[in-house]
Amino acid sequence: MAIIAPPAVQSPVVNAGLLYVNGLALQSLVIPSVPVSGYASGKAFIIEPGQARDGTNTNDIFLPPSFVAGALYTLNSIPVGVVVNGLQVGVNGVDQAPLVASSLYNVYVIAASNSVFSSNFAVGGGPLNYLPNAGVSEIPVNPYPAGGLLSLASNPVPFLPFGYDMYRLIGTAVTNSSADLVYLTQFGNGSGSLVSYSIPPVSVLTAGAATTFTAVSLASAIPSGVASQVVLSVSFTSALAGDMAEFLPYGSSLSGGSVGVVQFGGGPAGVQTGIVTVPVGSDAGVPEILYKVDSGDALSLSVIGYR
């Protein structure tokens, strides 16, 4: 009798997860003259509904829209997934302590891998997340719903609240000298997101006069390892007509040369202002660019965003 060999072991065909971010835009919460919420001006922002793969590319995190009394909840006409309150510690707040002055924070969406899904109509926006007019029907039924979390950018990972084991970096936030959040808006899906600081831009160089390519640290405005381009507000004072300010990413092989990949100026002598986008390089993890000007010129730069 013929012996039939067993079939070879087959590996199942399974598509690998896609490390995506859809939605989850960040928007500053502008408090009107007649407050409609329990949040303080300069201390809170909105994470819009959306979905993302967790940071280990294992599970999906779904942040649904919030509802109040059966109606979609909006603030500043923006649909609310959750509101992150920088005055509280825990879910939809800061991971270790309330906001501190002149600091850079990472913004995460967080969730629990073993938590059954329930919409924010059921959870009232999540624990520790104030929603006005929340009734008995909106008492949380899921103890670990998806939410937001702030953590200092110097922390390698966020300190997750009890019960949470998933997180994904979705943006950054900056505080000023009063520990208020600088106005921010982040949009885009995954790569290409733009975070904009507009009240005011973050100054990174004042009256720079280097005539050879010199590094400018962006660490006060951009977290390490996430930006490919920086959007800069430029104030350039040229000593002579036609003078140029020039820029390179840090580490560029062209840094020993005389020509930048981005140039600004070329007009009459005097003050020239505008916006430039410059590629970013990494100096041992610190985001930096290189600049130079002609003799007698002066250059000031402020970060208004990054991609």
**Prompt:** Does any residue in segment 203-219 that is at negative phi and touching a residue at least 40 places away in the same chain (Cβ under 8 Å) come within less than 8 Å, Cβ to Cβ, of a residue that is among the polar types (S, T, N, Q) and assigned to a loop (DSSP other than H, G, I, E, B) six or more places away or on a different chain, and which pairs are these?
**Reply:** V204/S220; T211/S295; F213/S255
**Of all residues making up segment 64-118, the number that are farther than 15 Å from L152 by Cα, touching a residue at least 12 places away in the same chain (Cβ under 8 Å) and not in a loop (DSSP other than H, G, I, E, B)** = 9
**Message:** Within segment 158-171, does at least one residue satisfy the condition of being closer than 17 Å to I110 by Cα, assigned by TED's automatic domain parsing to the domain that holds R53, modelled with pLDDT of 75 or more and of a type in the set (S, T, Y)?
**Reply:** yes
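Would you point out the residue of segment 173-199, among those that are in a strand (DSSP E or B) and at pLDDT 85 or above, that is farthest from S28 (Cα to Cα)?
Here is the first cut: in segment 173-199, the ones in a strand (DSSP E or B) are 173-175, 181, 184-187, 194-197.
Filter once more, so that each one left must be at pLDDT 85 or above: 173, 175, 181.
Numbers: A173: 10, T175: 12, L181: 8 Å.
If we take residues in segment 173-199 being in a strand (DSSP E or B) and at pLDDT 85 or above, then T175 is farthest from S28 (Cα to Cα).
It is to be established whether one or more residues within segment 113-134 are within 12 Å of the chain's Cα centre (by Cα) and modelled with pLDDT of 80 or more. Give the steps one after another, and end with the answer.
Here is the first cut: in segment 113-134, the ones within 12 Å of the chain's Cα centre (by Cα) are none.
There is no residue in segment 113-134 that is within 12 Å of the chain's Cα centre (by Cα) and modelled with pLDDT of 80 or more.
The values are calculated or read from the model by the stated rules, or taken from the named source; none is laboratory data. Bear in mind that the values here come from a model prediction, so they are computed numbers and not experimental data. Backbone-built Cβ (ideal geometry, glycine too); neighbour counts: all protein chains shown.
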